[in-house]
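J.: Got a structure here, written out as C-alpha coordinates. Questions coming.
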Amino acid sequence: DPAVTGVSREWLRDLRRVPNDPALGSPEGEYVVPPGTPIQWALARQGFPAAWDVTTGATARVAILDTGIDAAHPELGGKVASADSVDAGDARTDSDGHGSHVSGLACAGTDDGRGIAGAGWGCRLHVVKLGTDLTGGIPDETIVRGLEVAIGHAPHAIGMSFGGGPDSAALDAAIQAAYDRGVVLVAAASNEDDDDGQGAPASQLQPGDAANLDAGRGLVVTAADFADTRAGTGRGDEISLAAYGFYDEERGPPGLISTYPGAFTLRDL
(Lines give C-alpha, C1' and ligand atoms only; values in the text may rest on other atoms or scores of the structure.)
Protein backbone atom coordinates (compact mmCIF):
# COMPACT_ATOMS: atom_id res chain seq x y z
CA ASP A 1 0.00 0.00 0.00
CA PRO A 2 1.74 3.20 -1.09
CA ALA A 3 0.05 5.05 1.78
CA VAL A 4 2.10 3.02 4.31
CA THR A 5 5.31 4.78 5.21
CA GLY A 6 6.69 2.12 7.55
CA VAL A 7 5.99 -1.21 9.23
CA SER A 8 7.14 -2.52 12.61
CA ARG A 9 6.21 -5.34 14.91
CA GLU A 10 3.67 -4.76 17.67
CA TRP A 11 5.07 -6.15 20.91
CA LEU A 12 3.26 -7.13 24.08
CA ARG A 13 4.90 -5.65 27.17
CA ASP A 14 4.93 -7.48 30.49
CA LEU A 15 4.20 -5.80 33.79
CA ARG A 16 7.28 -5.12 35.84
CA ARG A 17 7.87 -7.61 38.62
CA VAL A 18 5.43 -6.78 41.39
CA PRO A 19 5.21 -8.96 44.52
CA ASN A 20 1.84 -10.10 45.82
CA ASP A 21 1.90 -8.27 49.17
CA PRO A 22 -1.58 -6.76 49.75
CA ALA A 23 -0.34 -3.28 50.66
CA LEU A 24 1.09 -2.87 47.15
CA GLY A 25 -2.31 -3.36 45.53
CA SER A 26 -4.93 -2.41 48.11
CA PRO A 27 -6.22 1.16 47.67
CA GLU A 28 -5.46 3.76 50.34
CA GLY A 29 -8.73 4.41 52.19
CA GLU A 30 -7.63 6.38 55.24
CA TYR A 31 -6.35 9.54 53.56
CA VAL A 32 -7.37 11.71 50.60
CA VAL A 33 -5.33 10.52 47.61
CA PRO A 34 -6.06 10.05 43.89
CA PRO A 35 -8.26 7.01 43.17
CA GLY A 36 -6.28 3.83 42.79
CA THR A 37 -3.37 4.95 44.96
CA PRO A 38 -2.21 1.85 46.88
CA ILE A 39 -1.46 1.88 50.60
CA GLN A 40 2.21 1.23 49.92
CA TRP A 41 2.48 3.74 47.08
CA ALA A 42 6.08 4.86 47.60
CA LEU A 43 7.84 1.76 46.24
CA ALA A 44 6.39 2.03 42.74
CA ARG A 45 7.06 5.77 42.63
CA GLN A 46 10.70 5.19 43.51
CA GLY A 47 11.15 2.68 40.68
CA PHE A 48 11.46 -0.51 42.69
CA PRO A 49 9.51 -2.73 40.24
CA ALA A 50 12.13 -1.93 37.58
CA ALA A 51 14.92 -2.58 40.09
CA TRP A 52 13.34 -5.90 41.08
CA ASP A 53 13.50 -6.95 37.43
CA VAL A 54 17.27 -6.77 37.83
CA THR A 55 17.59 -8.28 41.32
CA THR A 56 15.44 -9.19 44.27
CA GLY A 57 18.31 -8.91 46.73
CA ALA A 58 18.47 -12.59 47.63
CA THR A 59 22.07 -12.34 48.87
CA ALA A 60 21.97 -8.80 50.26
CA ARG A 61 22.49 -8.18 53.98
CA VAL A 62 21.61 -4.94 55.74
CA ALA A 63 22.70 -3.98 59.26
CA ILE A 64 20.23 -1.83 61.19
CA LEU A 65 21.51 0.10 64.23
CA ASP A 66 18.39 0.97 66.22
CA THR A 67 16.05 -0.16 69.02
CA GLY A 68 16.05 -3.87 68.18
CA ILE A 69 13.45 -5.84 66.26
CA ASP A 70 10.29 -7.81 66.96
CA ALA A 71 11.67 -11.16 65.83
CA ALA A 72 8.26 -12.77 66.36
CA HIS A 73 6.73 -10.56 63.67
CA PRO A 74 5.73 -12.73 60.67
CA GLU A 75 7.23 -10.22 58.24
CA LEU A 76 10.53 -9.94 60.10
CA GLY A 77 11.40 -13.12 61.98
CA GLY A 78 12.65 -15.05 58.97
CA LYS A 79 14.78 -12.13 57.84
CA VAL A 80 17.03 -11.86 60.92
CA ALA A 81 20.51 -13.12 60.08
CA SER A 82 21.95 -11.97 63.42
CA ALA A 83 20.81 -9.97 66.44
CA ASP A 84 23.29 -8.28 68.78
CA SER A 85 22.86 -5.82 71.62
CA VAL A 86 25.13 -3.06 72.92
CA ASP A 87 24.20 -3.41 76.60
CA ALA A 88 20.54 -2.91 75.66
CA GLY A 89 18.86 -6.23 76.44
CA ASP A 90 17.47 -8.77 73.98
CA ALA A 91 17.96 -7.51 70.43
CA ARG A 92 15.07 -9.69 69.24
CA THR A 93 12.62 -7.53 71.16
CA ASP A 94 11.69 -3.92 70.45
CA SER A 95 9.85 -2.02 73.16
CA ASP A 96 10.05 1.23 71.17
CA GLY A 97 8.99 0.16 67.66
CA HIS A 98 11.38 2.34 65.67
CA GLY A 99 13.82 -0.46 64.92
CA SER A 100 11.06 -2.79 63.69
CA HIS A 101 9.64 -0.01 61.50
CA VAL A 102 13.01 0.75 59.87
CA SER A 103 13.81 -2.95 59.45
CA GLY A 104 10.52 -3.52 57.66
CA LEU A 105 11.08 -0.67 55.24
CA ALA A 106 14.37 -2.30 54.26
CA CYS A 107 13.75 -6.04 54.36
CA ALA A 108 10.17 -7.01 55.31
CA GLY A 109 9.02 -10.35 53.94
CA THR A 110 8.14 -9.79 50.27
CA ASP A 111 6.00 -11.72 47.78
CA ASP A 112 4.60 -13.72 50.69
CA GLY A 113 0.95 -12.77 50.15
CA ARG A 114 0.65 -10.76 53.35
CA GLY A 115 1.30 -7.31 54.75
CA ILE A 116 3.85 -5.09 53.06
CA ALA A 117 6.83 -5.46 50.76
CA GLY A 118 10.36 -4.52 51.83
CA ALA A 119 12.41 -2.42 49.44
CA GLY A 120 15.20 -5.00 49.54
CA TRP A 121 12.80 -7.94 48.89
CA GLY A 122 15.04 -10.91 49.66
CA CYS A 123 17.60 -9.15 51.87
CA ARG A 124 18.39 -10.29 55.40
CA LEU A 125 19.04 -8.24 58.52
CA HIS A 126 21.90 -7.85 60.97
CA VAL A 127 20.16 -6.19 63.89
CA VAL A 128 22.27 -4.19 66.36
CA LYS A 129 20.28 -2.88 69.32
CA LEU A 130 21.62 0.38 70.71
CA GLY A 131 18.94 0.96 73.33
CA THR A 132 15.29 0.50 74.21
CA ASP A 133 14.32 4.17 73.88
CA LEU A 134 16.57 6.39 71.79
CA THR A 135 14.53 9.59 72.07
CA GLY A 136 16.91 10.91 74.73
CA GLY A 137 19.93 10.52 72.47
CA ILE A 138 22.60 7.88 71.88
CA PRO A 139 26.16 8.26 73.21
CA ASP A 140 28.92 8.19 70.62
CA GLU A 141 30.50 5.27 72.47
CA THR A 142 27.36 3.19 71.95
CA ILE A 143 27.18 4.04 68.24
CA VAL A 144 30.86 3.21 67.76
CA ARG A 145 30.44 -0.16 69.45
CA GLY A 146 27.35 -0.79 67.37
CA LEU A 147 29.25 -0.04 64.19
CA GLU A 148 32.05 -2.36 65.25
CA VAL A 149 29.56 -5.17 65.84
CA ALA A 150 27.86 -4.53 62.51
CA ILE A 151 31.17 -4.42 60.59
CA GLY A 152 32.02 -7.81 62.08
CA HIS A 153 29.11 -9.35 60.14
CA ALA A 154 30.39 -7.88 56.83
CA PRO A 155 27.03 -6.42 55.74
CA HIS A 156 26.54 -4.74 52.39
CA ALA A 157 24.90 -1.71 53.99
CA ILE A 158 24.45 -0.15 57.44
CA GLY A 159 21.40 1.96 58.23
CA MET A 160 21.47 4.65 60.96
CA SER A 161 18.17 6.47 61.40
CA PHE A 162 19.34 8.86 64.12
CA GLY A 163 21.70 11.77 64.54
CA GLY A 164 22.45 15.25 65.78
CA GLY A 165 25.26 17.21 67.37
CA PRO A 166 28.85 17.86 66.30
CA ASP A 167 31.24 15.47 64.60
CA SER A 168 33.17 12.98 66.71
CA ALA A 169 36.68 11.65 66.22
CA ALA A 170 35.75 8.23 67.59
CA LEU A 171 32.70 8.04 65.36
CA ASP A 172 34.80 9.17 62.40
CA ALA A 173 37.21 6.28 62.93
CA ALA A 174 34.36 3.75 63.05
CA ILE A 175 32.78 5.20 59.91
CA GLN A 176 36.13 5.04 58.12
CA ALA A 177 36.55 1.40 59.16
CA ALA A 178 33.21 0.52 57.58
CA TYR A 179 33.94 2.60 54.50
CA ASP A 180 37.32 0.91 54.03
CA ARG A 181 35.54 -2.45 53.97
CA GLY A 182 33.22 -1.35 51.19
CA VAL A 183 30.10 -1.07 53.34
CA VAL A 184 27.44 1.37 52.09
CA LEU A 185 26.70 3.66 55.04
CA VAL A 186 23.31 5.36 55.15
CA ALA A 187 22.17 7.98 57.69
CA ALA A 188 18.99 9.98 58.13
CA ALA A 189 19.01 13.73 57.61
CA SER A 190 17.71 16.06 60.31
CA ASN A 191 13.99 16.03 61.08
CA GLU A 192 13.98 19.84 61.19
CA ASP A 193 12.95 21.94 58.21
CA ASP A 194 15.49 24.71 58.68
CA ASP A 195 18.56 22.51 59.20
CA ASP A 196 21.27 22.72 56.54
CA GLY A 197 23.72 21.04 58.95
CA GLN A 198 22.55 17.48 59.56
CA GLY A 199 24.57 16.56 62.66
CA ALA A 200 26.58 13.39 63.14
CA PRO A 201 26.72 10.73 61.82
CA ALA A 202 25.15 12.24 58.69
CA SER A 203 27.58 15.17 58.59
CA GLN A 204 30.47 12.71 58.68
CA LEU A 205 29.12 10.63 55.81
CA GLN A 206 28.42 13.55 53.49
CA PRO A 207 30.43 16.62 54.51
CA GLY A 208 29.16 19.90 53.09
CA ASP A 209 32.13 20.23 50.77
CA ALA A 210 30.81 21.02 47.32
CA ALA A 211 34.37 21.54 46.02
CA ASN A 212 35.40 17.97 46.85
CA LEU A 213 33.07 15.36 45.36
CA ASP A 214 35.17 12.58 46.89
CA ALA A 215 34.58 13.82 50.44
CA GLY A 216 31.50 11.66 50.95
CA ARG A 217 31.70 8.25 52.62
CA GLY A 218 28.03 7.35 52.53
CA LEU A 219 24.50 8.51 51.82
CA VAL A 220 22.48 11.06 53.78
CA VAL A 221 18.77 10.80 53.04
CA THR A 222 16.21 13.54 53.51
CA ALA A 223 12.47 13.06 53.03
CA ALA A 224 10.19 13.78 50.08
CA ASP A 225 6.43 13.98 50.55
CA PHE A 226 3.46 12.64 48.60
CA ALA A 227 3.50 15.79 46.43
CA ASP A 228 7.16 15.14 45.52
CA THR A 229 8.42 18.15 47.45
CA ARG A 230 10.76 18.31 50.41
CA ALA A 231 8.95 17.07 53.50
CA GLY A 232 10.08 19.64 56.04
CA THR A 233 13.32 17.80 56.78
CA GLY A 234 17.03 18.57 56.39
CA ARG A 235 18.41 20.35 53.33
CA GLY A 236 21.73 21.66 52.03
CA ASP A 237 25.13 20.39 50.95
CA GLU A 238 25.17 17.51 53.44
CA ILE A 239 22.22 15.81 51.69
CA SER A 240 22.88 12.99 49.20
CA LEU A 241 19.34 12.23 48.06
CA ALA A 242 15.67 12.29 49.02
CA ALA A 243 13.33 9.36 49.54
CA TYR A 244 9.69 9.27 50.58
CA GLY A 245 9.27 9.74 54.31
CA PHE A 246 7.09 11.48 56.89
CA TYR A 247 5.24 14.67 56.06
CA ASP A 248 2.23 16.89 56.68
CA GLU A 249 -1.09 15.01 56.50
CA GLU A 250 -2.55 17.88 54.48
CA ARG A 251 -0.26 16.94 51.60
CA GLY A 252 -1.02 13.22 51.63
CA PRO A 253 -0.57 10.20 53.92
CA PRO A 254 1.52 11.32 56.93
CA GLY A 255 4.05 8.49 56.87
CA LEU A 256 5.21 5.26 55.33
CA ILE A 257 3.49 2.04 56.28
CA SER A 258 5.84 -0.58 57.67
CA THR A 259 6.13 -3.29 60.30
CA TYR A 260 5.54 -2.68 64.00
CA PRO A 261 5.86 -4.84 67.13
CA GLY A 262 2.85 -6.88 68.14
CA ALA A 263 3.39 -6.19 71.84
CA PHE A 264 2.82 -2.88 73.63
CA THR A 265 5.54 -0.29 72.96
CA LEU A 266 6.66 2.99 74.51
CA ARG A 267 5.12 4.81 71.54
CA ASP A 268 1.69 3.47 72.48
CA LEU A 269 1.66 5.54 75.67
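The values are calculated or read from the model by the stated rules, or taken from the named source; none is laboratory data. All of these numbers come straight from a predicted model, not from anything done at the bench. Don't worry about glycine lacking a Cβ; one is built from the backbone with ideal geometry, like all the others, and counts go over all protein chains shown. Areas reflect the complete protein model, heavy atoms only, side chains present, ligands, DNA and RNA absent. Shrake-Rupley method; radii C 1.70, N 1.55, O 1.52, S 1.80 Å.
J.: Using just the alpha carbons, could you tell me how many Å³ per residue the convex hull of segment 53-98 encloses?
T.: Measuring per residue, one finds 95 Å³ for the Cα hull of segment 53-98.
J.: What does DSSP give for the chain in terms of the percent of beta bridges that are antiparallel, rounded to the nearest 5?
T.: 5 percent
J.: Given +1 on the Cβ of Lys and Arg, -1 on the Cβ of Asp and Glu, and no further charges, what dipole in debye does the chain carry about its Cα centre, rounded to the nearest 20?
T.: 1040 debye
J.: Name the residues whose placed amide hydrogens come within less than 5 Å of the amide hydrogen of VAL80, ignoring near sequence neighbours (fewer than 5 apart) on the same chain.
T.: For VAL80, whose amide H was placed from the backbone, the distant partners under 5 Å are LEU125.
J.: Skip the ligands, DNA and RNA, and give the accessible area per residue of segment 130-269 with a 1.4 Å probe, whole Å².
T.: Per residue, segment 130-269 has an accessible area of 50 Å².
J.: While we're here: Using alpha carbons only, how many angstrom separate the centre of segment 166-184 from the centre of segment 1-59?
T.: 38 Å
J.: What's the carbon and sulfur percent of the chain's accessible surface, probe 1.4 angstrom, rounded to a whole number?
T.: 52 percent
J.: Let me spell out the model: positive unit charges on the Cβ of Lys and Arg, negative unit charges on the Cβ of Asp and Glu, origin at the Cα centre of segment 148-269. What dipole size does that give, in debye rounded to 20?
T.: 500 debye
J.: At 20 °C and a viscosity of 1.002 mPa s, what translational diffusion coefficient does Stokes-Einstein give for segment 123-247, taking Rh as the Kirkwood radius over Cα pairs? Give it in µm²/s as a whole number.
T.: 144 µm²/s
J.: Take the alpha-carbon positions of segment 88-182, form their convex hull, and give its projected area averaged over all directions (one quarter of the hull surface) in nm².
T.: Mean projected area for segment 88-182: 6.8 nm², to one decimal.
J.: Oh, and also: Mean residue ellipticity at 222 nm from the helices of the chain, using -39,500 (n - 2.57) per DSSP H segment of n ≥ 4 over the full residue count, to the nearest 500 deg cm²/dmol?
T.: So the helix-based figure for the chain works out to -5500 deg cm²/dmol.
J.: Let me ask something else. ASP14 label point, 7 Å along Cα→Cβ, cut-off 20 Å on backbone N: hits in segment 33-69?
T.: Zone members listed by number: 44, 47-59.
J.: Still on this model: Return the sequence-ordered ³J(HN,Hα) values of segment 55-64 in whole Hz as given by the Karplus equation 6.51 cos²θ - 1.76 cosθ + 1.60 applied to θ = phi - 60°, using x for Gly and Pro.
T.: My calculation for segment 55-64 gives 7, 10, x, 4, 10, 6, 10, 10, 8, 10 Hz in order.
J.: Would you be so kind as to identify which of ALA23, PRO34, ALA60 lies farthest towards the positive end of the dipole of segment 1-72, taking Lys and Arg as +1 and Asp and Glu as -1 on Cβ and the Cα centre as origin?
T.: Going by the Cα projections, it comes out as ALA60.
J.: So, one more: Could you rank the peptides 136-149, 86-99, 65-78 by their average count of other C-beta atoms within 10 Å per residue, with the highest value first?
T.: Per-residue Cβ counts within 10 Å, averaged per peptide and sorted highest first, yield 65-78, 86-99, 136-149.
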